[in-house]
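Visitor: Next up is a structure, given as structure tokens.
The values are calculated or read from the model by the stated rules, or taken from the named source; none is laboratory data. Computed from a predicted structure; not experimentally measured. As a convention, Cβ positions derive from the backbone with ideal geometry for all residues, glycine included, and neighbour counts pool all protein chains shown. All accessible areas refer to the heavy atoms of the entire protein, side chains included, with ligands and DNA or RNA removed. Shrake-Rupley method; radii C 1.70, N 1.55, O 1.52, S 1.80 Å.
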Amino acid sequence: MKALLLVDIQNDFLPGGALAVAEGDKVVPVANRLMEQYDLVVATQDWHPVDHLSFASQHDGHNIGDVIPLNGLDQILWPDHCVEGSQGAEFAAGLNMNGVSHVVRKGTDRHIDSYSGFFDNARRRATGLEAWLREHGVNEVHVMGLATDYCVKFTALDAVELGFKSVLLTEGIRGVELHPGDCAAAINEMSKAGVEVERERSMK
Ligand code: VGL
Ligand code: ZN
């Protein structure tokens, strides 16, 4: 059984959003078109408390983009984004939620970030995504969404490590690109880890 994983297609990652990804809105029609080809579609939703410690606003003297140690992990500091219950945390208005079978929220613990849809960044806690996929007989996941160099990357890397056949749908991803080359490096890393990189989407 194949599932489509839609990673963080939320207002704050679209142009005009708090953590805007260039052309992030372009993935919405791709998601809407592709979801019809899957029995199961899961959407992840970045969902932070208002005082989440990945927010630069929580650290006096630090700026967005700084990297600080946080509970033993390097944490990039982000603008406030995807605050639970906010408009920015909502799924993109154009995303066809009727085609989405299940939603997984992540990043809900103030003390740790969660780029992957499967685990927090220290892998201390699972989000329930793996269990849900297994309960539904899924052995193959196709991953797309935002952002290529963070949540898409870590979701796909975990998927392949957990033993799911994993495919990256490149027409449906866009990245933050904090440093030039980050997205290309992320795709490379996913490919090396065993994620099948689908450059051109054909009907399947
Ligand atoms: C993301 C940074 C912080 C993402 C989420 O969805 O890629 N990036 N939170
Ligand atoms: Zn976040």
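Visitor: In percent, how large is the relative contact order of the stretch 2-198, given Cα pairs closer than 8 Å and 6 or more residues apart?
Guide: Value for the stretch 2-198: 25 percent.
Visitor: With each pseudo-label sitting 7 Å past Cα toward Cβ, what's the A184-E140 distance in nm, one decimal?
Guide: 3.0 nm
Visitor: Under 22 Å from the Cα of K153, which lysines turn up, not counting those fewer than eight places away in the same chain?
Guide: K2, K26, K106, K165, K192
Visitor: Simple spin-label model, 7 Å along Cα-to-Cβ: M97 to R123 in nm?
Guide: Modelled inter-label distance: 3.3 nm.
Visitor: Same structure again: Could you tell me what percent of the accessible area of the stretch 16-129 is made up of carbon and sulfur, with a 1.4 Å probe and every protein chain present?
Guide: Taking all protein chains in place, the stretch 16-129 shows 47 percent carbon and sulfur surface.
Visitor: Next question, about the same structure. Could you give the dipole magnitude of the stretch 25-114 about its Cα centre, charging the beta-carbon of Lys and Arg +1 and that of Asp and Glu -1, in debye to the nearest 20?
Guide: Details: 5 positive and 13 negative charges, 57 e Å.
Charge dipole of the stretch 25-114: 280 debye, to the nearest 20.
Visitor: Which one of G128, L77, N188 has its Cα pushed farthest toward the positive end of the charge dipole of the stretch 2-198, where Lys and Arg give +1 and Asp and Glu give -1 at the Cβ?
Guide: Result: G128.
Visitor: Counting heavy atoms of the protein chains only and a 1.4 Å probe, report the per residue accessible area for the chain as a whole number of Å².
Guide: 44 Å²
Visitor: Regarding the chain, what's the average projected area of the Cα-atom convex hull, expressed in nm²?
Guide: 10.5 nm²
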